[in-house]
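Trainee: First, the structure itself, so that you have it in front of you.
The values are calculated or read from the model by the stated rules, or taken from the named source; none is laboratory data. Because the structure is predicted, anything quoted here is derived from the model rather than measured. Here the Cβ is made from the backbone with ideal geometry for all residues, glycine too, and neighbour counts use every protein chain on show.
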């Protein structure tokens with residue numbers, strides 16, 4: 001941690017009960033917050049971010065994603081499985097080819113807002 005910018009903290013022991021109780025009443029259930037944390041963990045891998053970026057552009061098959069990212073189909077399939085379990089991508093089969101795309105507009109919104117946040121100056 002950078003010691004030039006220490007974390008600011010209160011120098012008092014006053015508890016603002018009204019504020020605490022208000023926030024406590026609005027806070028989602030523990031299980032919901034756990035699930036949200038798990039969702040954000042999925043975004044914590046640069047390979048998965050690259051896959052999401054590609055699928056935001058166009059629907060793609062595993063073979064094409066593997067070539068794009070210079071990885072094995074097996075490695076891409078593993079990452080796609082994680083993304084599918086998190087309901088971030090969906091697939092459809094056409095003959096022997098399986099095509100992947102973003103699951104819905106929410107995924108694009110999460111991705112776009114994340115990019116907007118890191119590009120703020």
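Trainee: For the stretch 89-113, how many residues meet the condition of being within 14 Å of residue 43 (Cα to Cα), modelled with pLDDT under 95 and in contact with a helix residue (DSSP H, G or I) (Cβ under 9 Å, 6 or more places away or on another chain)?
Mentor: Count: 5.
Trainee: How many residues does the stretch 57-71 hold that are more than 19 Å from residue 85 (Cβ to Cβ) and either at pLDDT below 95 or assigned to a helix (DSSP H, G or I) (or both)?
Mentor: Looking only at that region, the number is 7.
Trainee: Please name all residue pairs, on different chains or six or more residues apart, with Cβ atoms under 8 Å, provided the first residue is in the stretch 41-55 and is closer than 21 Å to residue 74 by Cβ and the second residue is at pLDDT below 95 and assigned to a helix (DSSP H, G or I).
Mentor: Partner pairs satisfying both residue conditions: 48/42; 52/107; 52/111; 53/111.
Trainee: Also, quick follow-up: Of the residues 49, 7, only one is farther than 22 Å from residue 92 by Cβ and part of a loop (DSSP other than H, G, I, E, B); which?
Mentor: Details: 49 fails: part of a loop (DSSP other than H, G, I, E, B).
When all the criteria are applied, what remains is 7.
Trainee: Which residues, taken from the stretch 103-119, are loosely packed, with under 10 Cβ neighbours inside 10 Å and assigned to a loop (DSSP other than H, G, I, E, B)?
Mentor: 119, the sole residue that qualifies.
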